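**Student:** Questions regarding the structure given below will be posed in turn.
The values are calculated or read from the model by the stated rules, or taken from the named source; none is laboratory data. Predicted model only: the values in this text are computed from it and were never measured. Note: ideal-geometry Cβ built from the backbone for every residue, glycine included; neighbour counts use all protein chains shown. Quick note on the areas: whole protein, heavy atoms, side chains included, nothing else; ligands and nucleic acids left out. Shrake-Rupley method; radii C 1.70, N 1.55, O 1.52, S 1.80 Å.
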Amino acid sequence: MKLPYNKPLAAIAMIAMSSTGFAAGELNLFNWGNYTNPELITKFEQAHDVKVTITDYDSNDSALAKVKAGGHGFDLVVPSANYMQIWINEGLLLESRPDQMENFKHVHEDFANPDWDPGRRYSVPWQWGSVGIIVDTSVYSGDINTAAIYLDPPEELKGKINVAPEMNDVISSAIMYLGGEACTTDKELLKKVRDKLVDAKPNWLSMDYGIIEKFAGRDLAASLYWNGAAFRAREKNPDVRYGYPKEGYALWMDSVAVLKDAQNVENAKLFQNFIMSPENAALISAFARYANGIKGSEEFMPDDMKDAPEIIIPQEFVAAGKFLQTCSPEATQLYTAIWTELQK
Amino acid sequence: MTTEQYQLSATEVKVQQQQAKRNWLLCTPALIILGVAASGPLLVMFYYSFLTPGNYGGVEFEFSSQGWFKVFFNKDIFTDSVGIADAHLSIFWRSIRLSTMTTLVCLIIGFPTAYFIATRPQKDRNFWLFMVTIPFWTNLLIRTFAIMEVIRNKGIINNVLTSIDIIDAPIQMLYTDAAILVGMTYVYLPLMILPLYASMEKLDFNLIEAGYDLYATRFRVLKQVIIPLVKPGVVAGSILVFIPSLGAFVTPRVLGGGKRMMLGNLIELQFGQGRNWPLGAALSITLLFIVMVALLFYVKNAQKSGLKYD
């Protein structure tokens, strides 16, 4: 008997079926690259019989632009705190009410009612961290808890300094060093900020990402950078330490929110609830090496993270940490001008 | 030079016309793709460059000439005085300078290489061409990171030099303009060699011999026989290298350490963290304009020299 379909067609049909697997549902996560623990995803897939697809992005701006353009097919996105208000105001997020979910009780008090999402009506914590100073202490043994390391560098460090190429992080750090507040539009202060940055730049070697290998190879001796990378750099070079600028340093948190035009709303909500459980949150941190904002997750974390000074901010420096807000368009315009002048 | 005049018969003219028509027809799909894919986005860019920036990226559909104004002029953020946008100008200048240098270095290295390949026996040439194209098998980013591995402080060159005691401390090669130049030359060199080879392959080597027979020195043969004959290849290669260098984004970022912007990075900033799409669009069109001017210059130059030696 001749079959009613040909072989290639059958093959295509089988591939199509296997790509959705036999899972009951689907979930499309739009997240930063190299940021999602595959173990966490497997666990969720097995627990809820859902097939998860992850797509990467590299910056808040590119994620925002892509989702705004529509037709993306994503269910969940992970914006940073200083972008969350833009996402909410632009009407891109679904009010999924994580505050009424079962696992919400595990969210740490500090993150249960943040400015960027009052009452946590849209988003749940994913990871958080700080913008601090990484120093190779075999090159410089002085005080590293100051932004002077890169703005007024000691002789030993000159020419061996990297600065993260992130406009908002760098300018807010310099503003706080000179006694202002992030997102300020005070021109007198900003003028000093510009002069300080322009004067300091000849002492820098680079403004680049991917610094872990360079600390391991001792190409770099200091950097303004993020704490998780500092942790990973210390694993490869035991002389590396992470400092919290006492003049003030930026904190950030990325949170998971459901998109308004999500196709798999129920699964997306399940995922939000899932990652608020301490055991699962610990999986997130074990991969990218940042803290997560879920109480009780510490005990499930890898041993080397439990007392890491990069992850647990020492008590004396807690007060100097400030969460970055969304800066006004005027502020952004001023900062872009400074940033362009800095790199001309 | 006189050529015999030949009158075409009516049928021949007709056949030729039909052929021309068919050729145009066959070209249509390519022309449509090029037309839509190239001019469509350009028109959008041009339109966007006259709009008002949206508060958080994107554009407001409201006319504004600020985008273009800011390409060339700079209202000082502190004193409100208007001046030339020296930051933009110096970034443009750096891009043009580095691209020109890349083109020259590619030409200096590529010319003898192409000549070497063209003078091999027919059966060996494919092997050498094949060797030239090998780098294309690997992604640009990976090749760039490979260079970084070679020239960094703990990289191959510095390790070898220190281990045989030529130097005590590593030489800082990474994150310099020289590193960008090396990287761009490496990346774009095949684009110079291939067109050069194409024109050298057609070179009539009897002419070179004739030159020697007439007691020309080697240098004179090169200058007055070879170079004029392969000029189209030189022009094509230079264009192919210069244009992508001007918009290069990855190589300067990775090897230059991102401390000094190139045009590509400046444009990216406006669409990303700077949230000023109209300015980004205006800068992109300015880049396009520079490329066009460079092209016209080359073409004109090529025509002039072509006439001289005909």
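**Student:** Is there any pair linking a residue in region A:195-209 that is away from chain B (no Cβ under 11 Å) and closer than 14 Å to A:Leu178 by Cα to one that is modelled with pLDDT of 95 or more and in a loop (DSSP other than H, G, I, E, B), with Cβ under 8 Å and at least six apart or on different chains, and which?
**Tutor:** A:Lys196/A:Leu178; A:Ala200/A:Asp152; A:Ala200/A:Pro153
**Student:** Could you grab me the full set of residues in region B:252-263 that are surrounded by fewer than 23 Cβ atoms within 10 Å (Cβ to Cβ) and farther than 15 Å from B:Leu181 by Cβ?
**Tutor:** Those that are surrounded by fewer than 23 Cβ atoms within 10 Å (Cβ to Cβ) and farther than 15 Å from B:Leu181 by Cβ: B:Gly258, B:Lys259.
**Student:** If you don't mind, there's one more thing I want to ask. Tell me which of these A:Leu92 doesn't satisfy, since it passes every other one: (1) within 17 Å of A:Lys269 (Cβ to Cβ); (2) more than 14 Å from chain B (Cβ to nearest Cβ).
**Tutor:** (2)
**Student:** Being open to solvent by less than 80 Å² (accessible area, probe 1.4 Å) and either in the same structural domain as B:Gln270 (by TED's automatic domain parsing) or over 18 Å from A:Leu334 (Cα atoms) (or both): is that true of B:Ser49 here?
**Tutor:** Yes, satisfied.
**Student:** On to the next question. Say we look at region A:151-176 and pick out the residues that are free of Cβ contacts under 8 Å to residues at least 40 places away in the same chain and open to solvent by 10 Å² or more (accessible area, probe 1.4 Å); which of these is farthest from A:Leu224 (Cα to Cα)?
**Tutor:** For region A:151-176, the residue satisfying everything is A:Glu155.
**Student:** May I ask you to list pairs of residues, at least six apart or on different chains, whose Cβ atoms are under 8 Å apart, with the first in region B:90-106 being in the same structural domain as B:Ile180 (by TED's automatic domain parsing) and the second being of a type in the set (Phe, Trp, Tyr)?
**Tutor:** Close Cβ pairs satisfying both conditions: B:Ser99/B:Phe242; B:Thr100/B:Phe242; B:Thr102/B:Tyr188; B:Thr102/B:Phe242; B:Thr103/B:Phe242; B:Cys106/B:Tyr188.
**Student:** Let me ask something additional. Can you tell me how many residues within region B:159-177 are more than 25 Å from the chain's Cα centre (by Cα), more than 10 Å from chain A (Cβ to nearest Cβ) and not aliphatic (A, V, I, L, M)?
**Tutor:** So the count comes out to 5.
**Student:** Can you tell me which residue within region A:177-211, out of those that are of a type in the set (Val, Ile, Thr) and farther than 22 Å from A:Gly228 by Cβ, is surrounded by the fewest Cβ atoms within 10 Å (Cβ to Cβ)?
**Tutor:** This residue is A:Val198.
**Student:** Another question, if that's okay. Got a number for residues in region A:284-296 being over 20 Å from A:Pro98 (Cα atoms) and open to solvent by 20 Å² or more (accessible area, probe 1.4 Å)?
**Tutor:** 4
**Student:** Something else: Only residues that are surrounded by fewer than 16 Cβ atoms within 10 Å (Cβ to Cβ) and either within 14 Å of chain B (Cβ to nearest Cβ) or in a loop (DSSP other than H, G, I, E, B) (or both): list them for region A:297-344, please.
**Tutor:** Those that are surrounded by fewer than 16 Cβ atoms within 10 Å (Cβ to Cβ) and either within 14 Å of chain B (Cβ to nearest Cβ) or in a loop (DSSP other than H, G, I, E, B) (or both): A:Pro302, A:Asp307, A:Ile312, A:Pro314, A:Ala319, A:Ser328, A:Pro329, A:Glu330.
**Student:** State yes or no: is B:Ala114 open to solvent by less than 60 Å² (accessible area, probe 1.4 Å) and within 14 Å of chain A (Cβ to nearest Cβ)?
**Tutor:** no
**Student:** Still on this structure: Kindly establish whether B:Tyr215 is open to solvent by 60 Å² or more (accessible area, probe 1.4 Å), over 30 Å from A:Asp199 (Cα atoms) and aromatic (Phe, Trp, Tyr).
**Tutor:** When the stated conditions are applied, B:Tyr215 passes them.
**Student:** Condition check: surrounded by 13 or more Cβ atoms within 10 Å (Cβ to Cβ) and modelled with pLDDT of 90 or more. Does B:Ile147 satisfy that?
**Tutor:** yes
**Student:** Just for region A:33-70: of the residues that are touching a residue at least 60 places away in the same chain (Cβ under 8 Å) and within 14 Å of chain B (Cβ to nearest Cβ), which one is nearest to the chain's Cα centre (by Cα)?
**Tutor:** Across region A:33-70, the extreme among qualifying residues is A:Val67.
**Student:** I've got another one for you. Hey, which of the helices (runs of 4 or more DSSP H) in region A:187-288, taking only ones fully inside, have at least 2 residues that are not assigned by TED's automatic domain parsing to the domain that holds A:Thr36?
**Tutor:** A:187-200, A:212-216, A:227-236
**Student:** Can you find even one residue in region A:170-178 that is more than 11 Å from chain B (Cβ to nearest Cβ), outside any helix (DSSP H, G or I) and within 22 Å of the chain's Cα centre (by Cα)?
**Tutor:** No, that holds for no residue.
**Student:** Does region B:53-89 hold any residues that are open to solvent by less than 30 Å² (accessible area, probe 1.4 Å), more than 9 Å from chain A (Cβ to nearest Cβ) and not small (Gly, Ala, Ser), and which are they?
**Tutor:** Within region B:53-89, B:Val59, B:Val71 qualify.
**Student:** In region B:119-158, which residues are within 14 Å of chain A (Cβ to nearest Cβ) and farther than 16 Å from B:Tyr188 by Cα?
**Tutor:** Scanning region B:119-158 gives B:Met148, B:Glu149, B:Val150, B:Ile151, B:Arg152, B:Asn153, B:Lys154, B:Gly155, B:Ile156, B:Ile157, B:Asn158.
**Student:** Then there is this: Just checking, how many residues over region A:179-218 are closer than 28 Å to A:Ser138 by Cα and aliphatic (A, V, I, L, M)? Walk me through how you get there before you give the answer.
**Tutor:** Applying the first criterion (closer than 28 Å to A:Ser138 by Cα) to region A:179-218 yields A:196-218.
Remaining after also requiring aliphatic (A, V, I, L, M): A:197-198, A:200, A:205, A:207, A:211-212, A:216.
Summing the residues that are closer than 28 Å to A:Ser138 by Cα and aliphatic (A, V, I, L, M) in region A:179-218 gives 8.
**Student:** Here's another thing I want to ask about it. Check region B:93-109 and report whether any residue there is away from chain A (no Cβ under 13 Å), of a type in the set (D, E, K, R) and within 20 Å of the chain's Cα centre (by Cα).
**Tutor:** The answer is yes; a qualifying residue exists.
**Student:** Additional query: Working only within region A:19-60, note down all residues that are surrounded by fewer than 19 Cβ atoms within 10 Å (Cβ to Cβ), in a helix (DSSP H, G or I) and either at pLDDT below 90 or not assigned by TED's automatic domain parsing to the domain that holds A:Gln272 (or both).
**Tutor:** Selection gives A:Ser19 alone.
**Student:** Out of region A:179-194, which residues are at the interface with chain B (Cβ under 9 Å from one of its Cβ atoms) and hydrophobic (A, V, I, L, M, F, W, C)?
**Tutor:** A:Leu190
Residue-by-condition table, conditions (1) among the aromatic types (Phe, Trp, Tyr); (2) open to solvent by less than 60 Å² (accessible area, probe 1.4 Å); (3) in contact with a Pro (Cβ under 9 Å, 6 or more places away or on another chain):
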| position | (1), (2), (3) |
| --- | --- |
| B:Pro170 | no, no, no |
| B:Val182 | no, no, no |
| B:Thr185 | no, yes, no |
| B:Leu189 | no, yes, yes |
| B:Leu196 | no, yes, no |
| B:Ala210 | no, yes, no |
| B:Val234 | no, yes, yes |
| B:Val250 | no, yes, no |
